[in-house]
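K.L.:
Structure below; questions to follow.
The values are calculated or read from the model by the stated rules, or taken from the named source; none is laboratory data. Keep in mind that what you see is a predicted model, and the values were worked out from it rather than measured. As a convention, Cβ positions derive from the backbone with ideal geometry for all residues, glycine included, and neighbour counts pool all protein chains shown.
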Amino acid sequence: MMRKVLLLALGIFAILMNVFAKQTAGTVKGKVYDDKSKAHAAATVQLQKAKDSSLVKTDVTDTEGKYDFQNIPAGTYVIRVSSVGFADQSTAVITVAEGKTTEVPTITLTIATKELTGVTVKYKKPLIEMKADKMVLNVESSINATGSNAMELLRKSPGVIVDKDDNISVKGKSGVRIYIDGRPSQMDNKDLAAMLKGMNSADIESIEFITNPSAKYDASGNAGIINIKLKKDKRVGFNGNVSTGMMFGITPKNMNSIALNYRNKKINYFANYSKSFGINRNHFNLHREQVDSLFDAKSIQEDKGQSHNFKAGMDFFVNSKNTFGVIVTGNLMDNTNVSNTKTPITSLTTGALGRTLNAMNNSPSNRKNFNYNGNYKFSDTSGHELNVDVDYGTFRGRTSSYQPNNYVYPDGSNLLTIFKNNTPVDINIFTAKADYEQRFAKGKLGYGGKYSYVTTKNTFNFWDVINNADKFNIDRSNKFNYKENVNALYVNYNRSYGAKWTVQAGLRMENTQSEGNLISFNGVQKPEDNVKRNYTDFFPSASVSLAANANNAFSATYSRRIDRPSYQDLNPFETKIDELTFQKGNAFLRPQYANSFELSHVYKYTLTTTLGYTHVKDLMSMITDTVERTKGYIINRNLANQDIISLNVSKPIPFTKWWNGYYNVNMNYSMYRATFDDGKKVDVSAFNYSLFGQNSFTLSKKGLTGELSGWFTGPSVWGGTFKSKSMGGFDIGLQQTVLKDKGTIKISLTDVAHTMRWRGISDFAGALLDANGRWESRQFRINFSYRFGNSNVKGARQRQTGIESENKRIKTGSGTGPGN
């Protein structure tokens with residue numbers, strides 16, 4: 001019934017908007033001169049959207065060097081000019097107003113460095129691009145990114161912090177949503193971390209950081225959206241790329257990938273595949289003082305496995321207005337995590353050793369994640385655009401664990417207990433969404449809706465191993481089933497006022513209906529075993545931008561967002577990590593809401609300064625609590641609130657013709673305040689800063705380039721109670737083109753000084769915790785890639801499908817340290 005109402009509302013809304021829409025547009029004119037200040041004919045002129053560089057129209061200059069674009073919707077654009085023998089030229093951002101003519105300053109071409117017959121002028125994207133609504137990290141532009149995985153790339157990105165449990169925060173804010181090609185991931189933190197660690201950087205084109213998304217995006221994610229865009233070839237004809245690489249840390253690792261593409265006027269086929277395998281080793285230490293005892297755990301963890309990633313699809317261009325497409329993406333992982341932990345337990349008063357716990361955990365796992373997408377796009381020259389996506393996604397996780405725990409006493413006696421468990425997880429996600437845009441009231445009006453339905457089945461089977469026989473423990477085994485339906489409608493409007501002002505405002509409505517049901521095998525039912533919810537929220541967003549003059553641009557943004565709990569975090573059952581530590585879910589965990597404000601200033605299109613403030617209500621945070629004097633447990637709870645003030649400054653600096661730099665500084669101050677019913681309090685605040693720098697060097701005219709990049713982050717807060725210590729490192733790399741520029745050899749050394757180690761301290765609920773560790777951060781990497789086929793470039797359409805925000809809430813991975 002809800003779907004019918006949703007479709008009917010969208011249909012009526014679309015009809016009304018079409019009736020009242022006004023089809024007015026602007027004009028863009030200009031001239032192109034050569035290096036001798038004479039009119040240059042036959043130059044190719046492209047009009048591109050400033051927001052995403054997508055092509056709007058193309059023209060060719062006449063004998064007077066003139067070009068003319070008619071019927072251009074209001075908005076911001078960039079002009080790019082190319083001509084054989086000349087270097088490409090681009091303008092600054094220009095603003096087109098409804099019904100007005102924009103005169104672009106004359107563009108002067110310069111002779112290319114080498115003027116040869118058939119010369120190809122290459123354009124390399126900068127490492128970081130600051131756009132009106134997002135920051136873009138162009139992975140292909142970094143030598144040191146080669147051989148890494150998606151999690152490593154995020155860890156080193158400006159303003160991003162990854163904590164000891166692989167939780168990701170941006171500018172001090174947790175709750176970021178990870179999108180893959182515009183599709184939200186529904187995995188929980190562990191499974192998402194496992195997938196990102198298995199994702200080869202060779203498959204990634206760029207990473208987009210969208211801190212204040214408009215109403216068009218799902219409202220989930222209080223820190224905004226990180227969209228990882230996988231490569232999709234943009235050339236006509238048949239072409240491809242193959243690459244292979246080795247990484248040497250404590251243990252060797254290997255990554256391989258292949259990408260194929262065929263495109264003509266009517267159809268485009270594309271397919272990518274990558275495989276990575278190897279062993280990753282982590283060190284984890286936990287010093288815990290609780291009541292009158294000291295628990296000093298030291299653990300070595302080794303994760304051995306392989307990961308397969310693929311993406312395949314087809315676009316069918318019916319005509320200039322209509323396009324149909326299908327996309328299939330998948331991630332398959334097989335790995336075994338083995339940890340060995342030694343925990344001496346001593347008296348805090350006498351220092352005497354009471355006993356030592358030797359714990360081992362052998363945990364093999366298998367994960368399969370598939371997403372299937374069908375899409376349709378309609379777009380005409382008068383500003384109407386319709387995008388429809390239907391998605392179906394599945395996640396299947398199978399993990400087992402074998403846990404011997406042996407207490408050894410000073411007199412030589414011992415007590416051995418052994419546990420076994422397996423935890424199958426099945427998640428199915430269906431989404432359908434439609435987005436429509438058209439000109440309206442001298443601006444652009446967008447509206448649409450989305451339907452999503454998710455079902456999850458989580459089973460926890462637990463055995464006690466007694467005299468080498470498995471005894472099923474009904475008190476520790478359970479099933480947890482969860483279903484959730486989210487229906488959304490949104491409207492968004494933007495308009496330019498004159499050549500300087502642009503205003504955008506939107507409103508999104510989301511209705512959520514959910515039910516979680518715990519079935520305990522012992523037959524005992526508790527009030528929290530079945531929790532139903534039905535709530536409706538409204539999420540406004542707005543932005544105002546001012547292009548004051550050629551040197552200064554200002555913008556102000558506001559958005560309200562939500563973070564819903566991951567499906568497994570709602571499971572109230574207890575799972576044992578070892579004899580002294582267990583984890584439990586929270587069926588009454590509420591969503592958290594965030595109101596975010598940002599003010600930005602851009603000076604001369606390069607120096608960008610952003611001041612932000614965010615207030616988070618009912619902050620969800622993982623708390624390490626205490627029970628039974630000697631034991632600790634991990635649980636997600638709602639803290640009272642969180643306030644964050646942030647400042648971000650970035651600037652590219654071209655020092656010389658052979659040395660270019662990019663630098664970013666981010667600072668934020670976070671305050672956590674909460675008092676729980678049992679009298680326990682959280683009162684933590686921290687000033688955090690992070691530095692990021694990348695230097696690119698042209699070392700020879702024969703294709704040799706170099707890179708020096710580094711990052712550093714100061715103290716911060718993890719999980720509401722842990723105050724972390726500072727951490728950072730730097731990488732160096734070289735790149736050489738070979739085989740007539742079709743091949744590339746890259747070598748790099750990461751974490752040269754071996755300084756990337758983490759540490760955090762918590763003093764909460766009568767327990768003092770000091771956790772620290774490191775991973776294989778220092779690695780020597782070598783990579784070779786080869787491009788083949790047609791090199792004629794044609795713009796490929798990028799697709800944001802409908803399943804993006806659901807996938808992130810699936811928990812799929814394992815491992816403790818940041819380097820898994």
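K.L.:
What pairs can you find where one residue is in segment 650-661 and without any contact (Cβ under 8 Å) to a residue 24 or more places away in the chain, the other is buried (at least 17 other Cβ atoms within 10 Å of the Cβ) and of a type outside the set (Gly, Ala, Ser), and their Cβ atoms are less than 6 Å apart, with a gap of 6+ or different chains?
P.N.:
Once the first residue is without any contact (Cβ under 8 Å) to a residue 24 or more places away in the chain and sits in segment 650-661, its partners that are buried (at least 17 other Cβ atoms within 10 Å of the Cβ) and of a type outside the set (Gly, Ala, Ser) give 654/660.
For every residue, the table says whether it meets (1) surrounded by fewer than 17 Cβ atoms within 10 Å (Cβ to Cβ); (2) under 39 Å from the mean Cα position of the chain (by Cα); (3) under 30 Å from residue 502 (Cα atoms).
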{"position": "403", "(1), (2), (3)": "no, yes, no"}
{"position": "414", "(1), (2), (3)": "yes, no, no"}
{"position": "433", "(1), (2), (3)": "no, yes, yes"}
{"position": "440", "(1), (2), (3)": "no, yes, yes"}
{"position": "457", "(1), (2), (3)": "yes, yes, no"}
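K.L.:
Residues being part of a strand (DSSP E or B), of a type in the set (A, V, I, L, M) and either in contact (Cβ under 8 Å) with a residue 40 or more places away in the chain or closer than 25 Å to residue 140 by Cβ (or both): count how many of those fall in segment 697-754.
P.N.:
Final tally of qualifying residues: 9.
K.L.:
Take the conditions modelled with pLDDT of 90 or more, among the small types (Gly, Ala, Ser) and either more than 20 Å from residue 454 (Cα to Cα) or not assigned by TED's automatic domain parsing to the domain that holds residue 400 (or both) and apply them to residue 559. Does it pass?
P.N.:
So residue 559 passes the test.
K.L.:
Mind telling me which of the residues 735, 798 ends up being in the same structural domain as residue 389 (by TED's automatic domain parsing) and modelled with pLDDT under 90?
P.N.:
Working: 735 fails: modelled with pLDDT under 90.
So the residue among 735, 798 that is in the same structural domain as residue 389 (by TED's automatic domain parsing) and modelled with pLDDT under 90 is 798.
For (1) in contact with a strand residue (DSSP E or B) (Cβ under 6 Å, 6 or more places away or on another chain); (2) buried (at least 19 other Cβ atoms within 10 Å of the Cβ), each residue gets a yes or a no:
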residue: 260; (1), (2): yes, no
residue: 265; (1), (2): no, no
residue: 284; (1), (2): yes, yes
residue: 291; (1), (2): no, no
residue: 295; (1), (2): yes, yes
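K.L.:
I'd like to verify a number: residues in segment 320-330 that are farther than 19 Å from residue 436 by Cα and over 25 Å from the mean Cα position of the chain (by Cα), how many? Give the derivation first.
P.N.:
So the first thing to find is which residues in segment 320-330 are farther than 19 Å from residue 436 by Cα, and the list is 326-330.
Checking the rest, the ones that are also over 25 Å from the mean Cα position of the chain (by Cα) come to none.
Counting residues in segment 320-330 that are farther than 19 Å from residue 436 by Cα and over 25 Å from the mean Cα position of the chain (by Cα) gives 0.
K.L.:
Would you confirm, using the coordinates I've provided, whether residue 487 is of a type in the set (S, T, N, Q) and in contact with a helix residue (DSSP H, G or I) (Cβ under 8 Å, 6 or more places away or on another chain)?
P.N.:
So residue 487 passes the test.
K.L.:
Step by step: first the residues of segment 495-527, then only those that are among the aliphatic types (A, V, I, L, M) and under 27 Å from residue 96 (Cα atoms), then the one that is modelled with the highest pLDDT. Which residue is that? Break it down stepwise before answering.
P.N.:
From segment 495-527, those among the aliphatic types (A, V, I, L, M) are 499, 503, 505, 507, 509, 518-519, 524; that's our starting set.
Subsequent filtering for residues that are under 27 Å from residue 96 (Cα atoms) retains 499, 503, 505, 507.
Working: 499: 76, 503: 92, 505: 94, 507: 97.
It comes out as 507.
K.L.:
Kindly establish whether residue 512 is among the hydroxyl-bearing types (Ser, Thr, Tyr) and surrounded by 14 or more Cβ atoms within 10 Å (Cβ to Cβ).
P.N.:
Details: among the hydroxyl-bearing types (Ser, Thr, Tyr): yes; surrounded by 14 or more Cβ atoms within 10 Å (Cβ to Cβ): yes.
So residue 512 passes the test.
K.L.:
While we're on this one: Could you list all residues from segment 165-182 that are modelled with pLDDT of 70 or more and not acidic (Asp, Glu)?
P.N.:
Answer for segment 165-182, where residues must be modelled with pLDDT of 70 or more and not acidic (Asp, Glu): 167, 168, 169, 170, 176, 177, 178, 179, 180, 182.
K.L.:
Now for a different question. Under the condition of being over 14 Å from residue 500 (Cα atoms) and in a strand (DSSP E or B), which residue from segment 89-100 is farthest from the chain's Cα centre (by Cα)?
P.N.:
89
K.L.:
A further question on this structure: How about segment 592-607: which of its residues are crowded, with 18+ Cβ neighbours inside 10 Å and either at pLDDT below 75 or in contact with an Asp or Glu (Cβ under 6 Å, 6 or more places away or on another chain) (or both)?
P.N.:
Across segment 592-607, the qualifying residue is only 592.
K.L.:
Would you kindly identify the strands (runs of 3 or more DSSP E) lying entirely within segment 618-696 that contain at least 1 residues that are within 23 Å of the chain's Cα centre (by Cα), within 30 Å of residue 709 (Cα to Cα) and modelled with pLDDT of 85 or more?
P.N.:
Per the criteria, 641-656, 659-675.
K.L.:
Output the residues belonging to segment 73-88 that are part of a strand (DSSP E or B) and surrounded by 20 or more Cβ atoms within 10 Å (Cβ to Cβ).
P.N.:
Matches in segment 73-88: 75, 77, 79, 81, 86.
K.L.:
Give the residue that is farthest from residue 566 (Cα to Cα), with candidates limited to residues of segment 362-395 that are touching a Gly at 6+ places or on another chain (Cβ under 6 Å) and buried (at least 16 other Cβ atoms within 10 Å of the Cβ).
P.N.:
The selected residue is 375.
K.L.:
Mind checking whether some residue in segment 304-312 is surrounded by 21 or more Cβ atoms within 10 Å (Cβ to Cβ), out of contact with any Asp or Glu (no Cβ under 8 Å at 6 or more places or on another chain) and either of a type in the set (A, V, I, L, M) or not assigned by TED's automatic domain parsing to the domain that holds residue 763 (or both)?
P.N.:
Checking segment 304-312: not a single residue is surrounded by 21 or more Cβ atoms within 10 Å (Cβ to Cβ), out of contact with any Asp or Glu (no Cβ under 8 Å at 6 or more places or on another chain) and either of a type in the set (A, V, I, L, M) or not assigned by TED's automatic domain parsing to the domain that holds residue 763 (or both).
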